[in-house]
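The values are calculated or read from the model by the stated rules, or taken from the named source; none is laboratory data. Small disclaimer: the values here were computed from a predicted structure and weren't measured. For neighbour counting, all protein chains shown are included, and Cβ atoms are generated from backbone atoms with ideal geometry for every residue, glycine included.
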Amino acid sequence: MANNEGEMQCGSMLFKQEELQEMSGVNVGGDYVEVMCGCTSHRYGDAVARLRVFPTGDLEITCECTPGCDEDKLTPAAFEKHSGRETARKWKNNVWVIIGGEKVPLSKTVLLKYYNESSKKCSRSNRSQGAKVCHRDEFVGCNDCGKERRFRLRSRDECRLHHNAMGDPNWKCSDFPYDKITCEEEEERGSRKVYRGCTRSPSCKGCTSCVCFGCELCRFSECTCQTCVDFTSNVKA
């Protein structure tokens, strides 16, 4: 491990030294812990990256699968898709770190401690507001063909994938995080699009039960977009 003892003591604010000492590529920053991670595709092999864990529960991955790869600030789910993993949507088990020379799924490490705490906090907050579902499905249009693709927003990861897509003016069908699709794929029929997951009314066009204007689930402290910056500032105020 490349860190000196002083840095490890600083990092102990997030994790105990013994929890990290067997992990490969540990680097402790001011407000994060970074480790080497990866995801294995049967077709393409191992995609190696660096995972940053923040005390807010946010997980951020910078891919190093090839020397020219410029994918950074990926969610684990987005990295899983980028790696070409065949069985996607199981990033907690498919994304791994090296501990004692062995690949260990994130789900079996301490690295998800703050992520899990954040998810529970959001769930408790939603229940206290009497809301079973606070985010309906949303659609993002392809910059090339104009077809709209559905995004579910039931978890923090899903909200982040939609948030990133909305912030990308060049978003295309091939960037869809859940399935490998092209512009040739048909979009949903209009009669199907009206069903967006509202618990009050299946064909709701938008109400206080399913439209969120900002919460800890769909706003991100490390994001620099104006919407997230304003939300974070208001929460701290």
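Can you find even one residue in region 44-55 that is modelled with pLDDT of 85 or more, within 24 Å of T224 (Cα to Cα) and either small (G, A, S) or loosely packed, with under 14 Cβ neighbours inside 10 Å (or both)?
Among the residues of region 44-55, at least one is modelled with pLDDT of 85 or more, within 24 Å of T224 (Cα to Cα) and either small (G, A, S) or loosely packed, with under 14 Cβ neighbours inside 10 Å (or both), which makes the answer yes.
Let me spell it out: the conditions are (1) closer than 26 Å to E86 by Cβ; (2) at pLDDT below 85; (3) in contact with a Phe, Trp or Tyr (Cβ under 8 Å, 6 or more places away or on another chain), and P202 meets all of them except one. Which number is the exception?
(1)
Identify all residues within region 74-92 that are surrounded by fewer than 20 Cβ atoms within 10 Å (Cβ to Cβ) and either in a strand (DSSP E or B) or of a type in the set (D, E, K, R) (or both); write none if there are none.
Hits for region 74-92 are E86, R89, K90, K92.
Taking the stated definitions as given, is E71 touching a Cys at 6+ places or on another chain (Cβ under 6 Å), part of a loop (DSSP other than H, G, I, E, B) and within 22 Å of F220 (Cα to Cα)?
It is true that E71 is touching a Cys at 6+ places or on another chain (Cβ under 6 Å), part of a loop (DSSP other than H, G, I, E, B) and within 22 Å of F220 (Cα to Cα).
Can you say whether N4 is of a type in the set (S, T, N, Q) and either touching a strand residue (DSSP E or B) at 6+ places or on another chain (Cβ under 7 Å) or modelled with pLDDT of 95 or more (or both), as far as the supplied structure shows?
no
For (1) modelled with pLDDT of 90 or more; (2) under 13 Å from H135 (Cα atoms); (3) crowded, with 19+ Cβ neighbours inside 10 Å; (4) in the same structural domain as E86 (by TED's automatic domain parsing), each residue gets a yes or a no:
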{"site": "S155", "(1), (2), (3), (4)": "no, yes, no, no"}
{"site": "N164", "(1), (2), (3), (4)": "yes, no, yes, no"}
{"site": "G167", "(1), (2), (3), (4)": "yes, no, no, no"}
{"site": "G214", "(1), (2), (3), (4)": "no, yes, no, no"}
{"site": "F220", "(1), (2), (3), (4)": "no, no, yes, no"}
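Take region 97-111 and flag every residue that is within 17 Å of the chain's Cα centre (by Cα) and surrounded by fewer than 21 Cβ atoms within 10 Å (Cβ to Cβ).
Result: P105, S107.
Just give me the residues in region 25-43 being at pLDDT 90 or above and either among the β-branched types (V, I, T) or within 28 Å of E216 (Cα to Cα) (or both), in sequence order.
V26, N27, V33, E34, V35, M36, C37, G38, C39, T40
Filter region 155-170 down to the residues that are closer than 22 Å to V229 by Cα and either in a loop (DSSP other than H, G, I, E, B) or of a type in the set (A, V, I, L, M, F, W, C) (or both) and list them by number.
S155, C159, L161, A165, M166, G167, D168, P169
Kindly indicate whether E71 is closer than 19 Å to R160 by Cα and either free of Cβ contacts under 8 Å to residues at least 24 places away in the same chain or in contact with a Gly (Cβ under 8 Å, 6 or more places away or on another chain) (or both).
yes
Looking at (1) assigned to a loop (DSSP other than H, G, I, E, B); (2) exposed (fewer than 15 other Cβ atoms within 10 Å of the Cβ); (3) out of contact with any Cys (no Cβ under 9 Å at 6 or more places or on another chain); (4) not acidic (D, E), find the lone condition where S191 falls short.
Result: S191 passes all but (1).
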